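The values are calculated or read from the model by the stated rules, or taken from the named source; none is laboratory data. Computed from a predicted structure; not experimentally measured. Counting neighbours? That spans all protein chains shown, and the Cβs are built from the backbone with ideal geometry, glycine included.
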């Protein structure tokens, strides 16, 4: 069993924010692969389905970003999942807009959702995986909060929507742990905008 967690903030006010791209991605996976209805569980919204022949849980924490780890830990403890069974989908300032990268382990780089998950899963063996979706950095540290809590622009949505479709279409590779193949196919189907400089930090 795999747990794929999309990070974001609940409520219509935040629905189209850059910080909510994790929610958008798991919504796309659920719709594309016919997951069951979303229902309230584990301090969030949970949907169940199958990817690559394996049961997969999709989770959207409703605790706000800073407390995302509480929902993740509740689900992981209930189903006795290890960190290796968990994939967290989140926005990434340190990747150029439209780029994706899957990595295992590492720090939180100031992302409050990751910080919370790391705190709540402390003491567990292994590391969880992260599907990082690039939103770019605004250039100044004091502009970060406004940047992540602002909606994607109309121009950004031109690459965002095909990217979400590609992530959903190839989610079976994500569930199988074939992260390199997943990344290659997503970038092939939804190449980042031409002015999106490569940044692999």
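Evaluate the following for residue 194: is it in a loop (DSSP other than H, G, I, E, B), crowded, with 16+ Cβ neighbours inside 10 Å and modelled with pLDDT under 95? The answer is no for residue 194. Contact map, region 37-58: first residue under 11 Å from residue 2 (Cα atoms), second residue surrounded by fewer than 16 Cβ atoms within 10 Å (Cβ to Cβ) and at pLDDT below 95, Cβ cut-off under 7 Å, separation 6 or more or different chains; pairs are 48/36; 49/36.
All conditions in (1) more than 21 Å from residue 29 (Cβ to Cβ); (2) touching a residue at least 12 places away in the same chain (Cβ under 8 Å) hold for residue 152, with the sole exception of (1).
Only one entry of 70, 146 meets the criterion of being on the phi < 0 side of the Ramachandran plot and touching a strand residue (DSSP E or B) at 6+ places or on another chain (Cβ under 9 Å), and that entry is 70. The one condition from (1) buried (at least 19 other Cβ atoms within 10 Å of the Cβ); (2) out of contact with any helix residue (DSSP H, G or I) (no Cβ under 6 Å at 6 or more places or on another chain); (3) closer than 24 Å to residue 170 by Cβ that residue 89 does not meet is (2). Are any of the residues in region 122-140 touching a helix residue (DSSP H, G or I) at 6+ places or on another chain (Cβ under 9 Å), assigned to a helix (DSSP H, G or I) and either exposed (fewer than 15 other Cβ atoms within 10 Å of the Cβ) or modelled with pLDDT of 95 or more (or both)? No, there is no match, as no residue in region 122-140 is touching a helix residue (DSSP H, G or I) at 6+ places or on another chain (Cβ under 9 Å), assigned to a helix (DSSP H, G or I) and either exposed (fewer than 15 other Cβ atoms within 10 Å of the Cβ) or modelled with pLDDT of 95 or more (or both).
If you go through region 93-105 and pick out every residue that is in contact (Cβ under 8 Å) with a residue 24 or more places away in the chain and either loosely packed, with under 12 Cβ neighbours inside 10 Å or closer than 16 Å to residue 187 by Cα (or both), you end up with 9. Among the residues of region 87-121, the ones that are part of a loop (DSSP other than H, G, I, E, B) and closer than 19 Å to residue 24 by Cβ come to 7 in all.
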